[in-house]
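Please read the structure below before turning to the comments.
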């Protein structure tokens with residue numbers, strides 16, 4: 001089972017830790033605030049009160065044995081940089097750090113973060129995409145140009161097959177999967193001769209411009 005540690009139990013860190021635990025993963029939650037730790041103790045595998053800026057604390061909780069550590073410290077750029085550096089020096093397998101600015105992100109990358117997230121920025125983009133694209137159900141940005149989205153299938157596609165539509169040639173996107181409304185099942189790499197049914201959802205990958213055009217059909 002993959003294991004995670006979340007350091008910093010603000011809104012982002014707490015929600016992340018709870019969600020990972022609910023998905024069946026082993027989760028250690030760490031914060032120096034006793035109240036925050038107490039509030040989350042029933043929703044994670046281990047809840048620890050401790051100052052992650054102290055290398056001795058990190059060693060004592062066995063942080064090196066965790067598959068992925070999320071540095072979610074909020075409001076203190078210096079602390080998040082220090083903790084990321086300590087984790088890197090200790091040989092943690094994968095470090096994901098929360099950044100508050102582009103400058104902060106660059107420093108975190110230089111000291112060893114394997115992945116950077118901008119929770120506020122990312123959420124703003126997801127909301128904007130949801131508002132801008134009709135019938136969008138979920139959105140994952142891969143880059144500034146490409147995304148994966150789940151959308152309600154255009155009504156005019158009902159009764160046709162993927163081969164009939166020739167989606168890649170005519171619309172510039174690839175259909176990765178179909179979520180069937182009636183059965184709630186998901187067909188991954190769907191059969192090109194499978195007939196599409198009204199109400200089904202499509203998981204597609206492509207440029208944001210091409211995806212936007214499909215949501216307008």
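Between the stretch 143-163 and the stretch 22-37, what is the separation of their alpha carbon centroids in Å?
38
With a ≥ b ≥ c the root eigenvalues of the C-alpha gyration tensor of the stretch 21-86, is it rounded (a/c under 1.5), prolate (a/b larger than b/c) or oblate?
Numbers: a/c = 1.63, a/b = 1.34, b/c = 1.22.
Cα axes put the stretch 21-86 in the prolate bin.
Going 7 Å from the Cα of residue 67 along its beta-carbon direction, which residues of the stretch 80-121 have the amide nitrogen within less than 12 Å of the resulting point?
Under cut-off, by backbone N: 94.
What order do you get for 18, 110 when you list them from fewest to most C-beta neighbours inside 10 Å? Mind dumping the intermediate values first?
Numbers: 18 18, 110 11.
Least crowded to most crowded, the residues run 110, 18.
Taking the number of other C-beta atoms within 10 Å as the exposure measure, put 32, 55 in order starting with the fewest.
Values: 32 19, 55 15.
By the 10 Å Cβ count, ascending, the order reads 55, 32.
For the chain, find the longest principal axis of its Cα atoms and tell me its angle to the long axis of helix 11-22, 0 to 90°, nearest 10.
With rounding to tens, the tilt is 70 degrees.
For the chain, what is the mean residue ellipticity at 222 nm derived from helices alone (per DSSP H run of n ≥ 4: -39500 (n - 2.57); sum divided by total residues; nearest 500 deg cm²/dmol)?
On the way: 9 runs with 79 residues, N = 217.
When only DSSP H runs of four or more count, the value is -10000 deg cm²/dmol.
Relative to the first principal axis of the alpha-carbon coordinates of the chain, what is the inclination of helix 102-111, with its axis defined by its Cα atoms, in degrees from 0 to 90 and to the nearest 10?
60
Ordered by packing density, taken as the mean number of other Cβ atoms within 10 Å over each peptide's residues, highest first, how do 154-165, 204-215 rank? Don't skip to the answer; put the middle values down first.
Details: 154-165: 13.9, 204-215: 18.0.
Ranked from most to least packed, the peptides come out as 204-215, 154-165.
How high is the FRET efficiency from residue 55 to residue 189, r the C-beta distance, R0 45 Å, rounded to 0.05?
Working: r = 47 Å, r/R0 = 1.04.
For residue 55 and residue 189, the calculated efficiency is 0.45.
Take 76, 114, 31 and order them by how many other Cβ atoms sit within 10 Å, fewest up front. Provide the component values of the computation, followed by the final result.
Details: 76 13, 114 16, 31 27.
Placing the least packed residue first, the sequence is 76, 114, 31.
Quick one: among 201, 47, 169, which has the greatest mean-square fluctuation in a GNM of the chain with alpha-carbon springs under 10 angstrom?
Of 201, 47, 169, the most mobile in the Gaussian network model is 169.
How many percent of the alpha carbon pairs in the chain exceed a separation of 25 Å? Can you show the working numbers first?
Numbers: 11961 of 23436 pairs.
Tail fraction, whole percent: 51.
Taken together, the values in this text are just the output of simple stated rules run on the coordinates, not laboratory data. Quick caveat, the model's predicted, so the values are computed rather than measured. Here Cβ is always computed from backbone atoms with ideal geometry, including for glycine, and neighbour counts include all displayed protein chains.
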